[in-house]
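Structure, as C-alpha cells:
The values are calculated or read from the model by the stated rules, or taken from the named source; none is laboratory data. Note that the coordinates shown come from a computational prediction; the quantities given were computed from them, not determined experimentally. For neighbour counting, all protein chains shown are included, and Cβ atoms are generated from backbone atoms with ideal geometry for every residue, glycine included. Areas reflect the complete protein model, heavy atoms only, side chains present, ligands, DNA and RNA absent. Shrake-Rupley method; radii C 1.70, N 1.55, O 1.52, S 1.80 Å.
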Amino acid sequence: MIDTESVGIDSVAVEPDHCHRCGAELGTREFEGSEYPWHSEFELVLSRNSVPGVRVVVHDEDSVLLLDEPIPQHEGVWRLPGGHAKYDEGPRRAGVRELEEETGLRASPSNLRFLTILHTEFPSVVFYLIMYALERSEASGELTPESEEFEVAFRPLRELRASSDRIRESDLERIELAFED
C-alpha cells in the first residue's frame with residue numbers, strides 16, 4: 001500500500017504503459033484500494049483522465065505517411081494519422097484503429113513502437129498525444145483516404161523539412177524521432 005501523503009499524482013489521458021515525463025515503462029501499485037499505474041522512481045501514481053490522443057508515424061527509409069484534410073483546423077496542413085481513444089480503449093489499439101479509419105492501412109498494436117508523449121494545453125482542454133512509430137513494412141492494406149476530399153500520401157522527409165509552412169513543428173519533431181532509431 002502506498003502512503004498517500006508522500007506520493008505525487010498526475011492526471012493522464014489514458015491508462016498508460018509509459019511515463020509521460022520520461023518515457024519509462026510503468027508498473028502498478030495499490031493506491032486507495034485500487035491498482036494504478038505507478039512510476040517508482042518518481043513515486044508517482046498516474047490517474048486516468050478521459051481526453052487521450054494518439055498519433056502514428058508510419059515511415060520507411062526516407063518518407064512518412066501524412067494526411068491533408070479539408071476541415072478548418074487542418075486544411076492545407078499535413079498531419080500524422082491519429083485521433084482520440086474511445087473510452088476503455090488503450091492507446092495502441094486507438095492508434096491502429098485511427099490509422100485504418102483515416103488511411104486504410106492495418107497494423108497490429110504490438111508493432112507500434114513508443115516514441116514520446118506530447119502534453120498539449122488549450123484554453124478549454126488539456127490532453128496528451130501519445131506518439132508511436134510504425135515501419136511501413138509492418139502495415140498492410142491499400143492507401144484509402146477516409147473521405148474523397150482527404151489526401152493521404154507518403155511524403156519524402158526532405159520535402160517536409162523544406163515545407164515547414166505545411167506541417168506543424170511538433171509533428172515534424174516527432175517524425176524526426178521516428179527516423180533516429
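Among residues belonging to the range 90-123 that are modelled with pLDDT under 90 and assigned to a strand (DSSP E or B), point out the one that is surrounded by the fewest Cβ atoms within 10 Å (Cβ to Cβ). For the range 90-123, the residue satisfying everything is E121.
May I ask you to list the residues in the range 28-49 that are at pLDDT 75 or above and open to solvent by 40 Å² or more (accessible area, probe 1.4 Å)? T28, R29, E30, G33, S34, E35, Y36, S40, E41, F42, E43, listed by residue number. Of D17, D3, all but one fail to be open to solvent by 40 Å² or more (accessible area, probe 1.4 Å), modelled with pLDDT under 70 and not aromatic (F, W, Y); the exception is D3. Among the candidates G82, G76, the residue that is open to solvent by less than 60 Å² (accessible area, probe 1.4 Å), small (G, A, S), at pLDDT 90 or above and over 21 Å from D62 (Cβ atoms) is uniquely G82.
I'd like to check something: does the range 136-144 contain any residue that is in contact (Cβ under 8 Å) with a residue 40 or more places away in the chain, open to solvent by 80 Å² or more (accessible area, probe 1.4 Å) and touching a Ser or Thr at 6+ places or on another chain (Cβ under 9 Å)? Break it down into steps so the answer makes sense when it comes.
Taking the range 136-144 first, the residues in contact (Cβ under 8 Å) with a residue 40 or more places away in the chain are 136-137, 139, 141, 143-144.
Next, from what is left, pick out any that are open to solvent by 80 Å² or more (accessible area, probe 1.4 Å): 136-137.
Then drop every residue that is not touching a Ser or Thr at 6+ places or on another chain (Cβ under 9 Å), which leaves 136.
Scanning the range 136-144, I find at least one residue that is in contact (Cβ under 8 Å) with a residue 40 or more places away in the chain, open to solvent by 80 Å² or more (accessible area, probe 1.4 Å) and touching a Ser or Thr at 6+ places or on another chain (Cβ under 9 Å), so the answer is yes.
Scanning the range 152-181 for residues that are of a type in the set (K, R) and surrounded by 12 or more Cβ atoms within 10 Å (Cβ to Cβ) turns up R155, R161, R166, R168, R174. Residues that are part of a loop (DSSP other than H, G, I, E, B) and over 20 Å from the mean Cα position of the chain (by Cα) within the range 144-181 comprise T144, S147, E148, E149, F150, S163, listed in sequence order. Residues in the range 54-72 that are part of a loop (DSSP other than H, G, I, E, B) and touching a residue at least 24 places away in the same chain (Cβ under 8 Å) were compared, and the one that is least open to solvent (accessible area, probe 1.4 Å) is E69.
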